[in-house]
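Here's the structure we're looking at; comments come further down.
The values are calculated or read from the model by the stated rules, or taken from the named source; none is laboratory data. The shown structure was predicted, so the numbers you read here are calculated from the model rather than taken from an experiment. Please note: Cβ atoms are built from the backbone with ideal geometry, for glycine as well, and neighbour counts cover all protein chains shown.
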Amino acid sequence: MLNQFSRTQLLFGEDSMKKLENSRVAVFGVGGVGGYVCEALVRSGVGHFDIIDDDKVCLTNINRQIIATRKTVGKYKVDVMEERMSDINPKVEVNKYKCFFLPENADDFPFDKYDYVVDAVDTVTAKIELVMKCKKEGVPIISSMGAGNKLEASAFKVSDIYKTKMCPLAKVMRHELKKRGVEKLKVVYSEEKPTRPLEDMSISCRSNCICPPGAERKCTDRRDIPGSVAFVPSVAGLIIAGEVVKDITGKRGIF
């Protein structure tokens, strides 16, 4: 019977579509990368999600985040993402967590129930903890490396963390994972040398912060505030989503 996933089923077949429908994927971080992961996965037929993010949509997110519009500024990202996902597939099940993932709250998440985990957070501490929890539970995980300060969308690659190069975040992750005895980790990373942002204080969040009063976590808390564009984090997110779908279904093209 013709349905919204019919074009996908023409490539994957009915059995694979059932696998996607019955899968539960956790996406940690629903920003520039993670938002596009959720978008592509729900459009691919994944039926169950846990989405985790403590952030609200900011005016400065509009240049690159799929859920960011003038109408959604100030709303929790997970709320906006859930509404969008439900509009795409009314049958989708979405569990929302309005928090930032940290070692301190890692036990609040049912890792043993996940079929796949997507790491789209931006702190090393959180990334390491996600990897260790997935390793403990035997859950597949894919991690996004740095997408900020990049201009070349075609420079992204899928690789094992120990085969990465150029990416500063991947270098730190390699060091930390090796210390913990982690032998492999699938990542999406860019081989482009990061561009140094212009020091223009007239448009800097550092001097013109618009985060609401009382916000638990602000972009100004970062040591560096990265620049970004519409066409780089989106590509990283779509590549990650493609890897998740192909891993769940076992369907991979021959190149």
message = I'd like the full set of residues that are within 17 Å of LEU177 (Cβ to Cβ) and not charged (D, E, K, R), limited to region 111-134.
response = VAL117, VAL121, THR123, VAL124, THR125, ALA126, ILE128, LEU130, VAL131, MET132, CYS134
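Confirm whether ARG222 is charged (D, E, K, R), at pLDDT below 95 and under 21 Å from the mean Cα position of the chain (by Cα).
Working: charged (D, E, K, R): yes; at pLDDT below 95: yes; under 21 Å from the mean Cα position of the chain (by Cα): yes.
For ARG222, the condition - charged (D, E, K, R), at pLDDT below 95 and under 21 Å from the mean Cα position of the chain (by Cα) - is met.
Here are VAL131, VAL80, VAL73, VAL158: which of them is more than 16 Å from VAL25 (Cα to Cα) and part of a helix (DSSP H, G or I)?
Numbers: VAL131 fails: more than 16 Å from VAL25 (Cα to Cα); VAL73 fails: part of a helix (DSSP H, G or I); VAL158 fails: part of a helix (DSSP H, G or I).
Criteria check complete, one pass: VAL80.
Residue by residue through region 134-165, note down the ones that are over 18 Å from VAL244 (Cα atoms) and surrounded by 15 or more Cβ atoms within 10 Å (Cβ to Cβ). So that I can check it myself, show each step before the final result.
Taking region 134-165 as the starting set, the residues that turn out to be over 18 Å from VAL244 (Cα atoms) are 136, 146-155, 162-165.
Scanning region 134-165 gives GLY146, ALA147, GLY148, ASN149, LYS150, ALA153, ALA155, TYR162, THR164.
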query = Is it fair to say VAL57 is of a type in the set (A, V, I, L, M, F, W, C), surrounded by fewer than 17 Cβ atoms within 10 Å (Cβ to Cβ), in contact with a helix residue (DSSP H, G or I) (Cβ under 7 Å, 6 or more places away or on another chain) and within 19 Å of SER228 (Cα to Cα)?
reply = no
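Take region 162-188 and flag every residue that is part of a helix (DSSP H, G or I) and either among the aromatic types (Phe, Trp, Tyr) or closer than 18 Å to GLY138 by Cβ (or both). Full working, then the answer.
Initial filter on region 162-188 (part of a helix (DSSP H, G or I)): 162-163, 168-179.
Of everything in region 162-188, those that are part of a helix (DSSP H, G or I) and either among the aromatic types (Phe, Trp, Tyr) or closer than 18 Å to GLY138 by Cβ (or both) turn out to be TYR162, LEU177.
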request  = Could you figure out which of (1) closer than 27 Å to THR249 by Cα; (2) buried (at least 24 other Cβ atoms within 10 Å of the Cβ) isn't true of SER44?
outcome  = (2)
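Restricting the search to region 113-128, which residues are among the polar types (S, T, N, Q) and assigned to a helix (DSSP H, G or I)? It would help to see each step written out before you state the result.
Of region 113-128, the ones among the polar types (S, T, N, Q) are 123, 125.
Selection gives THR125 alone.
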message = Which count do you get for residues in region 119-146 that are touching a residue at least 12 places away in the same chain (Cβ under 8 Å), over 16 Å from GLY34 (Cα atoms) and not hydrophobic (A, V, I, L, M, F, W, C)?
response = 7
ask   = Any residue at all in region 133-142 that is more than 20 Å from LYS186 (Cβ to Cβ), of a type outside the set (Gly, Ala, Ser), out of contact with any Pro (no Cβ under 7 Å at 6 or more places or on another chain) and modelled with pLDDT of 95 or more?
value = no
ask   = For region 72-91, what are the residues that are surrounded by fewer than 17 Cβ atoms within 10 Å (Cβ to Cβ) and of a type in the set (Ser, Thr, Tyr)?
value = SER86
inquiry  = Regarding region 89-112, can at least one residue be identified that is within 17 Å of the chain's Cα centre (by Cα), assigned to a loop (DSSP other than H, G, I, E, B), charged (D, E, K, R) and over 16 Å from ILE240 (Cα atoms)?
reply    = yes
request  = Name every residue in region 93-133 that is buried (at least 17 other Cβ atoms within 10 Å of the Cβ) and touching a Leu at 6+ places or on another chain (Cβ under 8 Å), in order of residue number.
outcome  = PHE101, VAL117, ASP119, VAL121, ALA126, ILE128, GLU129, VAL131
